[in-house]
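The values are calculated or read from the model by the stated rules, or taken from the named source; none is laboratory data. The structure presented is a predicted model; accordingly, all values stated were derived computationally and were not measured. Cβ atoms come from the backbone with ideal geometry, glycine included; neighbour counts cover every protein chain shown. Side chains included, ligands, DNA and RNA excluded: accessible areas come from the protein's heavy atoms. Shrake-Rupley method; radii C 1.70, N 1.55, O 1.52, S 1.80 Å.
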Amino acid sequence: MAQNLWGARFQKELDALVNEFNSSIKTDSLMYSQDIQGSLAHAEMLCKQGIIEESDYNDIVCGLTQIKNEIDNGALVIDMNAEDIHMFIEGELTKRYPKAGKKLHTSRSRNDQVALDVRLYLRDKIVSLNESLKNLISAIYEVAKENVDTVMPGYTHLQRAQPVTFAHHLIAYSAMFMRDYDRLNDTKKRLNFSPLGSCALAGTTYDIDRDFTASKLGFTAPVFNSMDGVSDRDFCVELASDIALIMMHLSRFSEEIILWSSWEFKFIELDDAYSTGSSIMPQKKNPDIAELVRGKTGRAYGNLITLLTLLKGLPLAYNKDMQEDKEAIFDSVETALKCLNVFAPMLRTMVVLKENMAKAGEKGFINATDCADYLAKKGMPFREAYKVSGSLVALCIQKGKTLNELSLDDYKAFSQLFECDIYEAIDMTTCLNKRTSKGAPSRVAVEEQLKIVENFLND
Ligand code: ARG
């Protein structure tokens with residue numbers, strides 16, 4: 001009759017369509033090793049507390065270890081018709097060690113089991129995400145280090161604004177990714193509590209030791225309320241939100257890579273191994289990687305909304321709706337990992353077209369603020385100096401010249417404060433080197449910023 005482990009009160013087999021609909025194995029089979037890790041800790045605790053006999057415990061360890069090794073090496077294929085990974089592994093154990101296998105689920109429910117597995121799985125993934133983030137930050141650092149003197153226009157409104165260097169521009173992204181790294185660690189701190197022993201929702205009448213399993217599995221402590229232990233998935237939402245931010249940062253960076261690769265900018269050239277061609281236009285070299293990263297950001301945002309929406313109407317404690325959490329959060333994790341891992345080598349291999357950046361800096365009057373500052377430093381109130389500099393820009397536009405090309409007479413016609421040192425003051429190198437305030441683009445200021453990144457990388 002009924003094949004399911006929970007089948008005792010049922011008179012009929014589950015409809016085939018329902019079985020497929022109800023099953024989560026395609027997603028949760030990814031957590032097989034965490035499921036086994038959790039079961040081993042649970043069984044050890046049951047034995048230590050005298051709830052199961054030592055011989056049963058030994059059989060459970062043998063069985064679970066065999067199953068883990070066989071899944072690892074492909075000898076045991078996970079049955080995609082099973083309800084979920086918990087049922088599959090318990091069923092497999094029971095086939096091999098019927099007496100011991102049937103004791104494993106004492107004082108445990110799939111509700112605390114799944115909450116545990118997801119936490120263990122995501123805890124590992126946070127470590128991978130942080131490794132990938134660090135590798136990306138290190139790639140940015142390497143490129144920045146090579147470009148401390150590479151002048152380029154800094155933009156606001158995508159209009160040339162003031163001179164910066166490519167290093168300065170890149171370090172802005174390091175700062176963002178460093179915060180992302182911190183955010184993941186914060187999430188890990190809050191995630192790292194063990195729901196095991198919450199059982200279905202109301203704990204158990206057995207004399208279990210939740211502190212033992214929590215510490216065995218590397219958690220800070222057990223979740224202190226059993227209903228919370230099985231019902232909340234805030235750690236999934238938090239991680240999905242961290243990932244949405246990582247993807248948002250990657251997406252802005254992608255947008256710039258795409259712009260910089262265009263003929264209109266031509267600030268960089270991506271390596272052939274990190275770009276693709278067109279099937280019809282032979283001349284094309286497209287920044288597909290960056291475009292895909294920008295595109296995949298949508299998924300990460302979608303997954304966050306999926307999770308928030310999934311949880312918002314659920315009464316305590318467990319509801320089957322929650323099975324949907326894994327698809328969303330696992331997709332976010334895998335998407336972010338893939339994007340981070342492809343982004344770092346794309347940056348490391350791109351060619352920086354320094355002359356084109358410098359050339360872009362010559363046009364666009366990005367030294368107009370420095371011209372105003374020149375007057376202001378000679379005593380003219382800044383607002384007045386701003387007007388003079390603006391009028392000089394208008395004159396340049398009319399004459400088709402840059403500020404550096406105007407004659408001293410042109411300058412003096414607007415203010416007698418101008419002397420021939422104006423040319424030095426608005427020279428691009430001076431404009432950069434004088435920007436020594438903390439966080440600014442001068443070499444000294446950028447070296448300080450690089451040091452901060454370096455300390456982070458060496459930490
Ligand atoms: N596959 C389920 C999930 O992912 C496991 C928990 C099932 N619990 C239950 N009471 N049916 O959420």
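Numbers for the structure displayed
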| item | result |
| --- | --- |
| For the range 290-295, Karplus couplings with θ = phi - 60° (6.51, -1.76, 1.60), whole Hz, Gly/Pro x | 5, 5, 5, 4, 4, x |
| Among 245-256, 92-103, 403-414, the order from most to least packed when residues are scored by Cβ within 10 Å on average | 245-256, 92-103, 403-414 |
| Euclidean distance between Cα centres, the range 220-238 to the range 167-207, Å | 12 |
| Relative contact order of the range 249-358, pairs being alpha-carbon contacts under 8 Å that are 6 or more residues apart, as % | 35 |
| Percent accessible area from carbon and sulfur atoms, the range 83-232, protein chains only, probe 1.4 Å | 52 |
| Cα-centred dipole magnitude for the range 300-459, charges only on beta-carbon of K, R (+1) and D, E (-1), debye, nearest 20 | 260 |
| Heavy-atom accessible area per residue - the range 346-459, 1.4 Å, Å² | 56 |
| Accessible surface of ARG294 - all protein chains present, 1.4 Å probe, nearest 10 Å² | 90 |
| Dipole of the chain [Lys/Arg +1, Asp/Glu -1 at C-beta], most positive-end residue of LEU375, LEU122, LEU136 | LEU375 |
| Electrostatic dipole magnitude of the range 161-296 [Cβ: Lys, Arg +1; Asp, Glu -1; Cα centre; debye, to 20] | 100 |
| With 20 Å bins from 0: P(r) over the chain, alpha-carbon pairs, percent | 20, 38, 25, 13, 4, 0 |
| Cut-off 15 Å (backbone N to label point 7 Å along Cα→Cβ of LYS387), residues of the range 401-433 | 414-416 |
| Cα Rg over Rh - the range 325-459, Kirkwood | 1.19 |
| Among LEU217, LEU5, VAL333 the positive-end extreme of the charge dipole of the chain (Cβ point charges) | VAL333 |
| Stokes-Einstein translational diffusion, the range 143-284 - Kirkwood Rh over all Cα pairs, 0.692 mPa s, 37 °C, in µm²/s | 167 |
| Cα gyration tensor shape for the range 1-49, rounded if a/c is under 1.5, else prolate or oblate | oblate |
| The range 116-179: proportion of alpha-carbon pairs further apart than 20 angstrom, % | 45 |
| Protection proxy ranking, peptides 261-268, 192-199, 365-372, average beta carbon neighbours within 10 Å, highest first | 192-199, 365-372, 261-268 |
| Largest-first ellipsoid semi-axes for the range 180-227, taking √(5λ) over the Cα gyration tensor eigenvalues, angstrom | 25, 12, 6 |
| Calculated from backbone phi, Karplus (6.51, -1.76, 1.60) coupling profile of the range 360-367 in Hz, x at Gly/Pro | 5, x, 5, 9, x, 6, 6, 9 |
| 3J(HN,Hα) from dihedral phi, the range 39-44, Karplus parametrisation 6.51/-1.76/1.60, rounded to Hz, x for glycine, proline | 5, 5, 5, 4, 5, 4 |
| More than 16 Å apart - percent of Cα-Cα pairs taken over the range 227-349 | 65 |
| Assigned charges on the beta-carbon of Lys, Arg, Asp, Glu; the range 74-164 dipole about Cα centre (debye) | 480 |
| 10 Å binning of all Cα-Cα separations within the range 330-388, expressed as whole percents from 0 upward | 19, 20, 17, 18, 18, 8, 0 |
| Solvent-accessible area of GLU448 with every protein chain in place, 1.4 Å probe, in Å² to the nearest 10 | 100 |
| Farthest positive-ward along the chain dipole, Cα basis, beta-carbon charges - from MET178, GLY154, HIS249 | GLY154 |
| Virtual spin-label span in nm between LYS399 and ASP79, 7 Å along Cα→Cβ | 8.7 |
| Built amide H within the under 5 Å cut-off of MET152, gap 5+ | VAL164, THR165, PHE166 |
| For the range 1-153: Kirkwood Rh in Å [reciprocal of mean 1/r, alpha carbons] | 18.2 |
| Amide N of the range 63-91 lying under 20 Å from the label point, which is placed 7 angstrom from the Cα of ASP15 along Cα→Cβ | 81-84 |
| Amide H contacts of ASN286 (H built 1.01 Å from N, under 5 Å, at least 5 apart or other chain) | THR276, GLY277 |
